[in-house]
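*Asks:* One structure, pasted below without further comment.
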């Protein structure tokens, strides 16, 4: 799948752009290019952990009595609600949340926020063969641009603010 030449302004900060399969069924071969996204921002990882009812679409949690608190990077799978974006609650990334995916390519993509957002631009979880080229992501000092969990074959080339690198395999890394 190729998605290109997209401009988004004033995006809801609760929901990052999501590329997510389900365990054992990866989303494969997605190419994104020429994309500009400006989020409203203003979310913190503490809010993601607490999942406050005034910020989360509670529709998918109505039978459980609300949204349970969680560790910020422990996003629930919620396979039965797939593919509704709000089914995860607030996400730990402001830009892209990529999970259960393989063969992802991003080039000429830039993201930012209008209000300071204290989450990473990218959270990758169970991702294989991912390439970032000429990607720009606004970030707050002290907040990583990338959080990697169970990632194999990652390539970063000419991406601000992250240095060029190739990672063969990593269980967990923030950078």
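Only the coordinates and a few stated rules stand behind these numbers; no lab work does. Everything numeric here is computed off the predicted structure, so don't read it as measured data. Every residue, glycine as well, gets a Cβ built from its backbone with ideal geometry; the counts of neighbours run over all protein chains shown.
*Asks:* At 7 Å along the Cα-to-beta-carbon direction for both residue 129 and residue 31, put a label point, then send me their distance in nm to one decimal.
*Replies:* Label at residue 129, label at residue 31, 1.3 nm between them.
*Asks:* May I pose another question? How fast does the range 2-174 diffuse by Stokes-Einstein, in µm²/s, taking the Kirkwood radius from C-alpha pairs at 25 °C and 0.890 mPa s?
*Replies:* D = 152 µm²/s.
*Asks:* May I pose another question? Please work out how much length the chain gains when fully extended from residue 140 to residue 6, using 0.36 nm per residue of separation minus the C-alpha to C-alpha distance, in nm with one decimal.
*Replies:* Length gained between residue 140 and residue 6: 45.8 nm.
*Asks:* Within 10 Å of each residue's Cβ, count the other Cβ atoms and sort 22, 37 from fewest upward.
*Replies:* Listed from fewest to most nearby Cβ atoms, that is 22, 37.
*Asks:* Same structure, new question: What distance in nm separates the simple spin-label points at residue 153 and residue 44, each placed 7 Å from Cα in the Cβ direction?
*Replies:* A separation of 4.0 nm, rounded to one decimal place.
*Asks:* Still on this structure, please answer the following. Rounded, prolate or oblate for the range 1-54? Axes are the square roots of the Cα gyration tensor eigenvalues, ordered a ≥ b ≥ c, and the cut-off for rounded is a/c under 1.5.
*Replies:* oblate
*Asks:* Looking only at the chain, where both bridge partners belong to it, what percent of the DSSP beta bridges are antiparallel (to the nearest 5)?
*Replies:* Among the beta bridges of the chain, antiparallel pairing accounts for roughly 15 percent.
*Asks:* Only helical DSSP H runs with n ≥ 4 go in: add -39500 (n - 2.57) per run for the chain, normalise by residue count and round the 222 nm mean residue ellipticity to 500 deg cm²/dmol.
*Replies:* Calculated at 222 nm, the ellipticity per residue is -1000 deg cm²/dmol.
*Asks:* Continuing with this model, one more query. Report the label-to-label distance for residue 166 and residue 114 in nanometres (one decimal), using points 7 Å from each Cα along the Cα→Cβ vector.
*Replies:* 4.2 nm
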